[in-house]
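Reading through the structure tokens given below for one structure.
The values are calculated or read from the model by the stated rules, or taken from the named source; none is laboratory data. The model shown is predicted, which means the values in this text are computed figures rather than measured ones. Please note: Cβ atoms are built from the backbone with ideal geometry, for glycine as well, and neighbour counts cover all protein chains shown. Quick note on the areas: whole protein, heavy atoms, side chains included, nothing else; ligands and nucleic acids left out. Shrake-Rupley method; radii C 1.70, N 1.55, O 1.52, S 1.80 Å.
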Amino acid sequence: MSSPVLREAGLEDLEALYRLDALRFEPGIAYTRDDLRRFLRLQSARSAVAEIAGEVAGFALGYRPRHGVGHVLTLDVHP
């Protein structure tokens, strides 16, 4: 088994992140593509993707408002 590679998420990861979030959370709780796209574009967004053998195995996405404490939006791990 390959070791995970950690990197920052980008818009090119949108579909993989969307699929994983939809797999882990039920409709109405899972983020839409538009939600994820909007969060990834935030200047204050912070993210991490874990890849194994080139496939997204998990990701974390959060942001920090201008004057406030950071927020974790989602933390998804492939089953």
Counting only residues in the range 4-19 that are under 12 Å from Ala50 (Cβ atoms) and assigned to a loop (DSSP other than H, G, I, E, B), the one most open to solvent (accessible area, probe 1.4 Å) is identified as Glu8
Residue pairs within 9 Å by beta carbon, gap of at least six or interchain, first lying in the range 28-41 and touching a residue at least 40 places away in the same chain (Cβ under 8 Å), second open to solvent by less than 100 Å² (accessible area, probe 1.4 Å) and not in a loop (DSSP other than H, G, I, E, B), listed first then second, are Tyr31/Leu17; Tyr31/Tyr18; Tyr31/Asp21; Tyr31/Ala22; Tyr31/Phe39; Tyr31/Leu61; Tyr31/Leu73; Tyr31/Thr74
Practice item. Examine the range 34-44 for a residue that is in contact with a Phe, Trp or Tyr (Cβ under 8 Å, 6 or more places away or on another chain), of a type outside the set (A, V, I, L, M) and surrounded by fewer than 14 Cβ atoms within 10 Å (Cβ to Cβ), and state whether such a residue exists. Key: yes
Pairs returned, first residue in the range 59-78 that is over 15 Å from Arg38 (Cα atoms), second residue that is of a type in the set (Asp, Glu), beta-carbon separation under 6 angstrom, 6 or more apart or interchain, are Phe59/Asp76; Asp76/Asp21
Of the residues in the range 52-79, those that are more than 16 Å from Tyr18 (Cβ to Cβ) and either among the basic types (Lys, Arg) or touching a Lys or Arg at 6+ places or on another chain (Cβ under 9 Å) (or both) come to Gly62, Tyr63, Arg64, Arg66, Gly70, His71, Pro79
Checking Ala60, Ala30, Ala22, Ala50 in turn, the sole residue that is in a loop (DSSP other than H, G, I, E, B) and surrounded by 12 or more Cβ atoms within 10 Å (Cβ to Cβ) turns out to be Ala30
Those residues of the range 47-61 that are over 10 Å from His78 (Cβ atoms) and of a type in the set (A, V, I, L, M) come to a total of 5
